[in-house]
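*Asks:* I'd like to ask you about the structure that follows.
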Amino acid sequence: MFDSVFFQIGVIVGLSAVAGAIAQWLRQPLIVAFIAVGILLGPSASGMVLHSSEIELFARLGIALLLFVVGLKLDIHVIRTVGPVALASGLGQVFFTSVVGYLIALLLGMPHVEAIYVAVALTFSSTIIIVKLLSDKREVDSLHGRIAVGFLIVQDIVVVLVMIGLIAYGEAGKDVSISGEALKILLKGSALLITVALLMRYVLPHLLHRLARSSELLMLFAIAWAVLGGVTGELLGFSKEVGAFLAGISIASTPYREQVAARLVSLRDFLLLFFFIELGATLDLSTLGAQLGASVVFSVFVLVGNPIIVMGIMGYMGYRRRTGFLAGLTVAQISEFSLILAALGLSLGHLQQETAGLITLVGLITISASTYMILYSHALYEKLAPWLTWFERDIPHRELENQPRSNTRIDVLLIGLGRYGAALAANLRAHEGCGILAVDFDPSAVQQHMREGYSVHYGDAEDPEFVATLPLTDTRWVVSTIRDLAINKTLLHGLERQHYTGKVAIACSNHRDAEKLEQAGVDLVLIPYSDAAREAAEQIMHHGCDDNTGGDRP
């Protein structure tokens, strides 16, 4: 019965639901719970669920949809904005981590070839896990989120080149040319990018316009396009992650991307469950005990050293320490590619089983620990901020490029340019003489509203240091359209620390949060849906419900 795929999937889904509920009750990350279920069900423990092609297929589909949805959120303008820092931080982190990791491996007495493998394995971070965590925290659209996704994709491309080099090295007697293979990959990559650009310009907008007449057909096409992108990337010698990511970017500039992304989220999360289960099930626990000391050394380097390297590069490039810290935490683990690299080393005869077990244990430790670090990144930054001044220039010019240069009077400081915030800004702007300064953490929203003539700052309401940079002295109203109670409490605390004396209006989702905000001293609490419904009811009553002369409908 254990060999039945239907039985295996039933056990996986059932135990994952139980483990997820327990993790939620204990306020623990779901990812760690799912990996633990994979270990429990895998060959190293109960052996109830064995590796199967069907479970692997579900996992790969989940990965393709995850990167496809991320690509949907990144249009060409965003890539131009974060491209330089993503490339510099991605390549810089790979270089410095591999060099330092290699030296640590030599100091621990490892042979030259095995030290190279371990050093390279330490450089790669898990695109899938990081993007999932950023998506759950709704930070993919933030500046640090976009930079992180950018350098993770850079890492994925480097992985491909490393794999080519290692295979060529392992088959040196078969006349495999490393430079020739690298040139081939470069040509294939250029052809892929040109093809995607042509499809974006001439084919996809018209095709999606026709398909959008049926929402079911549009979703089916989106799933097929994501999988086709992943398959194409793999066939060309890249990873399926890169291919699916480019497939998402190819339709990111169309008006249908939000609809597609919203409807794919549930399917994506269900399929990704199998990726985390598979990751846990493939861990070989039998070889881990002997490598515990070395794994702790390497894990500390990955958890602490990798973020420091990224913070240093981003600080040098002119980004604020908070942005560098939040982006740096995303490289504080090794990825599934590292485990694949270890398996490749074993197959080529370059690694011993003990070294592969070491890489596996480092992966287990760093993935689990970095999940907590990312989930609690803002609280962690608050604790460490006083010691991070070395990672910020006196003038962080990169983040100041998006700040308005005018000295217009500010009547309303509006935080949040989502649907409600943008509509509120437009209505306030219609009142002649009302000076508005808007703030948002989405760089594309900042650029769009600046093009429309608004004064806009890039910034995060959760960052007390950013609140201190705002022109609060002559501001009459601070209005937050972010309906997150914790974020708004942080904002209120920052305003209090800056001795702000004007009025505050804050949006929330329900009357319970509204009562808490009123108790905190907020001057005006906005409940968008409730307020709109009340106004609509008043208009309906005003235009006929009180008039009994209308008679019955014919």
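*Asks:* How fast does region 51-391 diffuse by Stokes-Einstein, in µm²/s, taking the Kirkwood radius from C-alpha pairs at 20 °C and 1.002 mPa s?
*Replies:* 104
*Asks:* In addition: Could you tell me the calculated FRET efficiency between Leu87 and Ala430, based on Cβ-Cβ distance and R0 = 60 angstrom, to the nearest 0.05?
*Replies:* 0.90
*Asks:* Farthest toward the dipole's positive end in region 402-545, which of Ile527, Gly433, His493, given Cβ charges of +1 (Lys, Arg) and -1 (Asp, Glu) about the Cα centre?
*Replies:* Farthest along the dipole direction, towards plus: Gly433.
*Asks:* Across bins of 5 angstrom width beginning at 0, how are the C-alpha pair distances of region 402-545 distributed, in whole percent?
*Replies:* Bin by bin from 0 Å, the calculated values are 2, 9, 19, 22, 20, 14, 7, 4, 2, 1, 0.
*Asks:* Below 8 Å between Cα atoms, with a sequence gap of 6+, how large is the relative contact order for region 402-545 in percent?
*Replies:* 20
*Asks:* Students often check this: by mean Cβ neighbours within 10 Å, which of 528-534, 413-419 ranks highest, and how do the rest follow?
*Replies:* The most tightly packed comes first, giving 413-419, 528-534.
*Asks:* What order do you get for 254-265, 137-148, 20-31, 475-486 when each peptide is scored by the mean count of other beta carbon atoms within 10 Å, highest first?
*Replies:* Descending packing order for the listed peptides: 137-148, 475-486, 254-265, 20-31.
*Asks:* Follow-up. Starting from the Cα coordinates of region 433-489, work out the convex hull volume and express it per residue in Å³.
*Replies:* 97
Throughout, read-outs are computed from the coordinates displayed, never taken from laboratory work. Bear in mind that the values here come from a model prediction, so they are computed numbers and not experimental data. Cβ: placed from backbone, ideal geometry, glycine included. Neighbour counts: every protein chain shown.
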